[in-house]
Structure formats: C-alpha cells, structure tokens
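The values are calculated or read from the model by the stated rules, or taken from the named source; none is laboratory data. In this text the structure is predicted, and so the values were computed from the model without any measurement. Here the Cβ positions follow ideal geometry from the backbone for every residue, glycine too, while neighbour counts run over all protein chains shown.
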C-alpha cells in the first residue's frame, strides 16, 4: 500500500517564518514536500475561520508560523495569533480533531535549519495520526467553522488577551485560569448550538435523537433548543406522539 | 559577479541576485548607462568636472537591436569566449551572457576582419528579422559629460599563472574562474564537471590556494582575501553536482574572516567531506597516458612527501588591478600603490583619493569580497554626493510611465503565468514544461509560458509583450521568492500599464526545488499546486494605490564609538540633523580602550580625537552621552524615541535610525585558567597596559588566539590575529629580550594586511605555534608557575612553555543590551548577539524594516577601515529617504466596509499603529499609517475589514486550491 502522504497547509508570516523557509531553501535543507505555504504579512492575519475552512476542505494538518514573541514585525500581531490559535485548538478538539493537527510555531528569519526540522517533525506527526476522518459528514467541523464566524467567539478571541493584560472596562483583571474557564464555557455553548442547528437543518429531530447524536445529556440539548427557538433559529416542525420534532428556520 | 555561479556563504545564485540590480540601473530614470565606453580625459575640479568619453562602436545599433540572436546564428567567425574564460568559443557578433545589460549584441570587428569581414551574413539575418540593427559603418562617438564628482569602481582581474603548476601546459589545470563557469548551469558545460582533455566526468578535484600570492619572490606579496572562501564554495558545489567526487584544498591559512564564513567552511569539511590539506605543493606533472595530474606535496601531518592524483586541478591566482588601471590613474590624476591598485591615501578616510571629488570603491583598491564591495559602493556614493549637497536633486528626471489601464472589477480576470527555469535551479528538479501545461488548464489562465531567467531585462519585455498581446490583467511569476523579486515584477507590470498590485508570486525555488532536490516528482506536483494557489488568489486581486509618507531630515545614531561618530558626521555633512546617543559618559567606544591600531600603527586616540572634536563642534549634531534608548515607537519618517539621560526622559522625533552599537569581548571567565591564575589576561587588558606603559619586563609571554571563537556560535573574530601580532610587536619594541609566542590556528590577516604580517615576521623574533582546534593548548599551575602544553602541527610534537603572562585573544560578541534594543526596534539579532542584516551579500547595511540601518561591529567584528566604510555607507542609506523627503507606502492597506461595520472598535484595539479609528460609529483607516499586517481583518467580529492583497476570500481560496477542493465563492 502506498504510504499516506498528508496534505498540510502552512500560513507563514512574511518577515520571520516565511523568510526562515526561504533560508532553508538557500541553505538547501531537505524537508518533506507535503507542505503548501500561504504567505501572509503577519501571523495576526490568520483568522480561525481560515484554518477551519482548510480542515473542512480536506487538509490533514495546519502549520502557522510567526515571529518569536516580542519580535513581531507588527509589534503585537503574534500575541493575538497565539490566543486565536489556542481557541481554534479548543474548537478542533470539540469537533473531534486532535489538537496536534494544528501547530503554531515561532521561526525567525535566521532559523532555516529549525524551519526544516519543524516541517519534518510536523509531517511525521500528521503521518502518525493518519488521514482525517469525520463521523458525521463534516458536520462537526462545519459547526466549528460557524462558531469561528460567530460574534461571541470573535469578541472572545481578542478580549482574552485584553482582559488578562489590561482588564475589562471596569479595570477588573482576569487570571488566565478564570478567562480560560469563561472561554471554554462560551465556546462549548456556541459549538453545541451550532452543531444542533446543522443537524436540524437537514431533517426534523427530537431532543432525544439530538442528544444521542451529539453524545450529550438531553436536558442540556433542551436548554439549547429553547434558546435557539427563542432566538428564532429553530421551530417545532411537528409532534410525533408526545415528542416534538424541531427544524431549523 | 555575473561570471560566478553562486556566492558564499549563502550559496545564492550569483546572477539571480545581481541581475535585478543591473535591471534597476538600466531602468532608473536618473542613471544614464554608457556601456562599451571608455573615459578618455577628465578636466576641471570637484563640482565641475568635464569628462570626455569614447563610446566605442558596437556596429550594432542599441536602439534597434532586439537581441533575437539571428546574427549570432549565421556568423561563421569563432573566437574564445571571454565570459566563459576561453572554455568555449563565441561568435564575432555576440552578447556576453543572457542577462547582459544592456541586452544588445556587439560585433567584434577585429575578429571579423581577421576572417576577411566580407560575408555580412549578420546584416542579412538582421534585415530578415526586420530589425536592421547591424551597422558596419557605425563610428565611434566622443561625448563630453559634466559631472560634480566621480566614483571609480573598475574591479579586478586574475593574474594568469602561466607556467606555474602546469597552467597553460596541461589541459586539466584550470583557473578558479574557469572552474566557476563550468559549475554554472548556464555555463559552457551546462554545469557538468568534466576534464578538458577528454570530456570525461571529473571525480577528483584539487584546489591550490595562494598561487603566486603571499610570495614576494615570484608573485604578489599580498593575500587575495577571497580564495579560501571561493575554493570552499567551489568544492561544496562540486559535491552537490557529484556527491561521490573527492575534493582537496591545499592551503597555507584558512582565512574565513567574515560573518558566517567559518561556519560555511566547517559545513564543507564536515558535511561535504571536503579535505583541507595544509601544504603548498611543490610541483604538478601530467600522466601522459590518462591526462591525470600528479600533485607532489609535503604532508605536514605525516612529515612525508606525498603524491595526489587528480582529474582536475584548480588554481587560485592573485587578484590584480584591471587592465588600463595605470592609464585611468593618469587620466584622473590619482595615485597607484606599489601593487598597481588605486592608492588608499588615509586609512581613516577610505574611498578618498589625492584628487578631491574622485572616490574609489570595491576591488580597484585591493582584494575584497562582495559584501565589503557593496558597503564601499554605498559609502563612495555618500562621499560623491557630499560635495554636491547644495545642488542635490536638481537634475532629477521623473520616470514617464504609460497611463494605467482601468480594471473593471466585474471584468473576467485574464491571467498570464510565467514559469522560470532559473537555469538549473528550478529546471533541474521541477518539470517546468509540465507545470506550464498544467497551468494552462486552470480557470482564467489565458497565457502560460516558461523562461530561462524570467527576472532578466529581456524577459521583462517578453512579459510586457504578453500583457499586450493577450490582454492580460493579472500576472503570476512562478520562480523565486517575493521577498527579493516581487518589486521587480511589479515594476514590469507598471511599465506595461498594469497596476503593480495585479501581480502574484509562486515560490517554486526557495520553497520547492531547493528543498526537494531528491524528489523531482513530488516537487513538480508541489510546484503545480503553488501555481494553482497563486491563480486562485490572483483572480481576486484588485488594483491598489500607493500612498506617500513624508520623511523629515532628522537621524538618530545609536552608539558613539568610531562607527557611530563617523555615521553621525557623514549624515550631518549631508545636511541632516543628527542625534548621537552613547550609553557611556564619553564618546569613543571600544577604540578608547585600545593602544595602537593595526595595520597602520596609529594611536587609536589620535585617530579618534580628530573625529570627536569635529563631531562635538558640529552644529548639526546633538550629542547625548550617558543616555540609553528607553522606548521606540513609530516607523520611518515618524519615530518617537524616548531617551533616558541621568534619570531624565526626553522624547526625540526622528526619521531614520542608524545602529552602531559595536561589540565587546566575551566573558573570559573559565577560559584557559582566566580568573584562576592572575597572570592570565585578555588582549584588551594588555592593550590597557601598553597604553599606560604599565607592562613590566617579563621573560616569556604566551598569547592564545581564537579563544571562544570559531566554534558553533561564533565564527572567526577577524581582528584577533592582527591584534595579537601587533601587540607582540609592541612588546618586542619595548623589551626586545622578552620571548613572545603566539599560539594560533590560522593567521587570518587577509588582503593587504598580509604585508603587515610579513614585515613583522621578517623583523621580529616572534614564535608562532600552530595548534589544532581538536587539540587545544592545556594550561596548569606547577609550583606557582604557569605551564602551557601545546601541540605544534609543524613540529608534530608537544611543546612546553613556562610563561610569566598569558594573553587570551577573546572572541567578541554584540554589546550588552543589544537584544533589548533589538526588541524595541523590532529587528532581528543572530548568533553572537550580532544584528542580522537584510541580506548578507547585497544588503549588509539594511534591515527588512525601512528606516533602520546597521553598521560596524554591531553587524560582525571588523577592523577600523571596514568600520568606517560601513558607517559612511549606512549614513548614505539613511540619507536616501531623508533627501527624497518621502517614502511610498506599500499600498496594501485595510479597507473598511462601512455597510457592514457596527463601530464596535475591536479593530482599533488590535491595531499597533493607531491606523484605524472609530469615528461616528464607523471604523476609518488612516492609509499612510497602515502597515498592512491585517490583524484588524482577522479580529473584526463582522468580518467587515478587508485586508487588500490578503483578503479572507483570497486566503481561503488559496488553501482550497492547495487541497484540490472545489473552488467556490
């Protein structure tokens, strides 16, 4: 059997990691040919939706490269990138994709050797993990992508850094622990509701069926369903016996 | 440089990095290129020279020749090709090489006439092509040109070592430059390494260094400086072409003096198994039957006479002044030195000649490498404009460009793709024709073609023609990296009337062919994907406008040593306001601590004194001693620098920043008993003793060189050998009876410094002990005495010395605090705390960030003259935007969709440049401030901010193209 050749997308910042990749070339360092690089000016340009879209379209792994912390050509871009990638990893995990499939690295323009080494290692990691399999026809990853597009997630992605560094409007500082708990909660809820919406978009389903499909406790699904209904995203399609079946509007 | 295959120590393709520069020169509206011309007479004085120039007849009209090459095809006269060093022949009508600038043919009438000159087939061929460019009756022209100053950059030649080691007698003995041509994929053998005698592949190649140099009796006294490195490079390239070839380099010293050079040489030795033999062979003979060469040499390690049989022998002859140097010196009225190079009048004022207004740069004044030449060129340009400050800019011509073609966003994209072979750089790995065929199947691609060197001047015309012929409105280059070549193609687009931002790059060299050499199929597939990704992106490219940013006339120089002082003076003399910041309480830096300087034997204080007093009295210079940089904000033209001085803070507004923070000895603790024995000191401490005359009379002094250098982190310190030898000399001057031993690996006194070394060797009794890196000297105390045991390579034995004083020649590293400074300025620092310049060869004084420049030992250790050269060069670099008064913004800026924007202000909170603000509930972008990072776009909760050039759709579609997914949207 032919060995599994993963498809890997790399987003590299122009000033450090892309330059490091160029230096690897200038130094004629060999590394596996699985990576496809997309150049961006700053790692802060990377929107979690890009990464999730790539997973949705069949990438086996995503590598994001930026300048070392403190060296960002645009001063703070990579700090924002770090937070965004961290949250994206959480989303991937919810969607059942191992977080190892997304890697954020800092590579300087002088680190050609390191760049080649990282690509080697990452390709190897992805080979070990094997091809990406989705349970429900990409619904998990589609849901994750919808979360990444949601207002709540996007606000969170920026504010996490701000709340820890400078505090909120009332100068209340948050610890990393607190903010992570908050982030987990928001992302979890957003994800479940997105996931429910995707399921009931196809066909009308009961809370019980949904709970089974999503491997969640029915009361939790019901709570989300009530919220969705109130927000006008879901409605009762019909009632079978005593069980209401919901459908997306 | 065009003749070289690659350049050390990055193995950059030589023509790849030089061709864009040549093209720039040709295209620059303020440069008039007079190729194939000679200076005949110079009259007048600085500010008002009249130069008589002879424009030689090419017998081909430059304005009509389109370089189709038909004339060359029909020409029957063949003569040895000068460009290919006589390995192959050229025609009488010829063009030296494919990327030649200007790209026109020349008829060598002398050769033509020798064959009768009657066929005139070239005229017929040219007429048939409709160009009518060949003109047998063209006359020479004399031009009178008025200029204010003159820069001489006439380069060098190689001395032909006729008769030496069988050169000229045995076919398989080559000059280094001949071999270089052979290595080149575009060269006479298409990059195949063959024996000239039988055209069989060469499997064993040897280099002999210092042929006729470092030798007063039969050759040149000086060292040619670059041979150690280029022989190493040629050996590495040989190994890359033929992995099972054997390579030998015969040498006296391995002079790997520059940044990254020692690392490169080590790579040759350990990774490529290049064998270095410390020996200068006695004679070379030829095996008459096989044509093999037999090299007889003394094997120093075994103390025997050995013979090495090789297929090819490459000689590294001395660098000598170019032909016609003497005549040019006469015309210009400047002096030559004893070797025939143009004379350096004063080591503290390099580039200047005895004639005011005539300046020198590069190898016309002695051997040097490319990066030093580039530094000198920049510095000489600064010198050349300084007498013309008042009239600067009065003769500027504006570039005339065709009007931009309007691109309607609803119009279907018509994409043209150009795939480069880059000689063999891409073509030998990636199947270029296959990529082109694939490209043609991609949506909206209406034209795709391949080219040998698509960055060349003639290819720019090909691209322009294609734009016109196929009505293209998006262009893709699949070649090298956008980081070096994007601007070039963008210029081409603009010249063809297209908006320069309708261009996209596919990097199939640095990130494909060069890193997947052994996987041609996978590399070809990757190249196809990269092109498909570029196509996906380019379909959504939109025209952009460049906005301008004003740059003022204030410059900040950080560091008040020789380098900083020189940079400050140069900038101030060009009319700019300079703030000179020094952390110590007085100016002077490292030089203040030194006694005398090699190789000029001048007191460092004397040299420094004259500069410092000028700086202190200069009305344009503000000196801030005892000051440190606390904070830096902003960008070129708009830096706000917070300086703390005696606990007071001051904010300076400056336009450009020059870094001249110098270097210092590394911490000597723990090296050779330093700190343990009190009579183990460093060279810097010895300098102090010599300066204060506090050195007592001692019986034995041992100096150990390369302490902490030439290892994995630090390379050769470049100045250590000179310092040790100079200090040994001064000790002997004071106490002739004192025995001084220098324990060294190689003596790295390259170029003309070799002469200093030789004079000292001849006049002073100093003991040189060559130790090996693998067998470093041992130091221990015995009955209160210091004992040094060292292995001497020449004696092949251990020696024991009992010195009264041990002096360590320490490696140096970037000054304390440079890492913090680098963070504040957002510029990179490499190994040994030395700043990392933008490009080792061609941009040694710049950073990727506009407005910040680098010079002196902060870049890597160097001597006084090189430091001054860099300082002047960096000041010149800083003066360019300051004198133009503006920089053009990169064009790619954030755009807010006001319909979508809800005015939440998240974008403003992530912008590091304060370039986006919420006004009346809508975000607004200040374009000149926007740096194009795109953080705002990635953060906008409504996805209402579009980062032009890198839009969400573009980046998403690029990934989908790479994944062969259905391309929607």
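Per-residue answers, yes or no, for (1) closer than 30 Å to residue B:944 by Cα; (2) under 19 Å from the mean Cα position of the chain (by Cα); (3) within 11 Å of another protein chain (Cβ to nearest Cβ):
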position	(1), (2), (3)
A:86	yes, yes, no
A:89	yes, yes, no
A:95	yes, yes, no
A:118	no, no, no
A:145	yes, yes, yes
A:161	yes, yes, yes
A:169	yes, no, no
**OP:** Determine which single condition residue B:288 fails, assuming it passes every other condition in (1) modelled with pLDDT under 95; (2) surrounded by 14 or more Cβ atoms within 10 Å (Cβ to Cβ).
**Re:** (2)
**OP:** Confirm whether residue A:53 is over 27 Å from residue B:264 (Cα atoms), outside any strand (DSSP E or B) and within 7 Å of chain B (Cβ to nearest Cβ).
**Re:** yes
Original post:
When you scan region B:864-969 for strands (runs of 3 or more DSSP E) that lie fully inside it, which ones turn up with 2 or more residues that are buried (at least 20 other Cβ atoms within 10 Å of the Cβ), without any contact (Cβ under 8 Å) to a residue 12 or more places away in the chain and away from every other protein chain (no Cβ under 14 Å)?
Top reply: none
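The rows are residues; the columns are (1) surrounded by fewer than 19 Cβ atoms within 10 Å (Cβ to Cβ); (2) farther than 25 Å from residue B:306 by Cβ.
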{"site": "B:197", "(1), (2)": "yes, no"}
{"site": "B:221", "(1), (2)": "yes, yes"}
{"site": "B:227", "(1), (2)": "no, no"}
{"site": "B:232", "(1), (2)": "no, no"}
{"site": "B:242", "(1), (2)": "yes, no"}
{"site": "B:253", "(1), (2)": "no, no"}
{"site": "B:261", "(1), (2)": "no, yes"}
{"site": "B:264", "(1), (2)": "no, yes"}
{"site": "B:268", "(1), (2)": "no, no"}
**OP:** Answer yes or no: is there a residue in region A:29-38 that is modelled with pLDDT under 90, within 7 Å of chain B (Cβ to nearest Cβ) and in contact with a helix residue (DSSP H, G or I) (Cβ under 7 Å, 6 or more places away or on another chain).
**Re:** yes
Original post:
In region A:1-24, which residues are buried (at least 24 other Cβ atoms within 10 Å of the Cβ), at the interface with another protein chain (Cβ under 9 Å from one of its Cβ atoms) and part of a helix (DSSP H, G or I)?
Top reply: A:18, A:19, A:21, A:22, A:24
Subject >> Scan of region A:56-70 for residues that are under 21 Å from residue A:114 (Cα atoms), more than 7 Å from chain B (Cβ to nearest Cβ) and outside any strand (DSSP E or B), ordered by number >> reply: A:67, A:68, A:69
Subject >> Wholly within region B:275-336, strands (runs of 3 or more DSSP E) carrying at least 3 residues that are closer than 24 Å to residue B:255 by Cα and touching a residue at least 40 places away in the same chain (Cβ under 8 Å) >> reply: B:312-315, B:319-321
Original post:
Out of (1) touching a residue at least 12 places away in the same chain (Cβ under 8 Å); (2) out of contact with any helix residue (DSSP H, G or I) (no Cβ under 6 Å at 6 or more places or on another chain); (3) within 16 Å of residue A:6 (Cβ to Cβ), what's the single condition that is false for residue A:133?
Top reply: (1)
Original post:
Of all the residues that make up region B:349-369, how many are assigned to a loop (DSSP other than H, G, I, E, B) and either without any contact (Cβ under 8 Å) to a residue 12 or more places away in the chain or surrounded by fewer than 20 Cβ atoms within 10 Å (Cβ to Cβ) (or both)?
Top reply: 4
Original post:
Mind checking whether some residue in region A:102-112 is more than 14 Å from chain B (Cβ to nearest Cβ), closer than 30 Å to residue A:185 by Cβ, more than 14 Å from the chain's Cα centre (by Cα) and modelled with pLDDT under 95?
Top reply: no
**OP:** Could you check how many residues of region B:101-136 are free of Cβ contacts under 8 Å to residues at least 40 places away in the same chain, outside any helix (DSSP H, G or I) and over 28 Å from residue B:42 (Cα atoms)?
**Re:** 6
**OP:** Within region A:40-50, track down each residue that is at the interface with chain B (Cβ under 7 Å from one of its Cβ atoms), buried (at least 24 other Cβ atoms within 10 Å of the Cβ) and touching a strand residue (DSSP E or B) at 6+ places or on another chain (Cβ under 9 Å).
**Re:** A:40, A:42, A:44, A:45, A:46, A:50
Subject >> Residue ranges of strands (runs of 3 or more DSSP E) in region B:748-830 with at least 2 members under 26 Å from residue B:863 (Cβ atoms) >> reply: B:766-770, B:805-810, B:812-814
**OP:** Starting from region B:593-605, take each residue that is under 16 Å from residue B:686 (Cβ atoms) and list its partners that are in a loop (DSSP other than H, G, I, E, B), counting only C-beta distances under 7 angstrom and pairs at least six apart or across chains.
**Re:** B:604/B:594; B:604/B:595
Original post:
In this structure, does residue A:80 turn out to be within 8 Å of chain B (Cβ to nearest Cβ), in contact with a helix residue (DSSP H, G or I) (Cβ under 7 Å, 6 or more places away or on another chain) and not in a helix (DSSP H, G or I)?
Top reply: no
**OP:** Consider residue B:804 carefully, then state whether it is closer than 28 Å to residue B:684 by Cβ and either surrounded by fewer than 24 Cβ atoms within 10 Å (Cβ to Cβ) or facing chain A (nearest Cβ under 10 Å) (or both).
**Re:** yes
Original post:
Which residues, counting only those in region B:11-41, are surrounded by 18 or more Cβ atoms within 10 Å (Cβ to Cβ) and not in a helix (DSSP H, G or I)?
Top reply: B:11, B:12, B:13, B:39
Subject >> Selection from region B:227-262 of residues that are without any contact (Cβ under 8 Å) to a residue 60 or more places away in the chain and assigned to a loop (DSSP other than H, G, I, E, B) >> reply: B:242, B:243, B:244, B:245, B:252
Original post:
So which pairs qualify, if the first residue must be in region B:432-454 and more than 16 Å from residue B:472 (Cα to Cα), the second must be part of a loop (DSSP other than H, G, I, E, B) and at pLDDT 95 or above, the Cβ gap must be under 8 Å, and the two must be at least 6 apart or on different chains?
Top reply: B:435/B:508
Original post:
Going by the structure shown, is residue B:478 in contact with a strand residue (DSSP E or B) (Cβ under 9 Å, 6 or more places away or on another chain), more than 14 Å from chain A (Cβ to nearest Cβ) and either surrounded by 21 or more Cβ atoms within 10 Å (Cβ to Cβ) or within 21 Å of residue B:447 (Cα to Cα) (or both)?
Top reply: no
Original post:
Here are B:740, B:818, B:748: which of them is touching a helix residue (DSSP H, G or I) at 6+ places or on another chain (Cβ under 6 Å) and within 22 Å of residue B:277 (Cα to Cα)?
Top reply: B:748
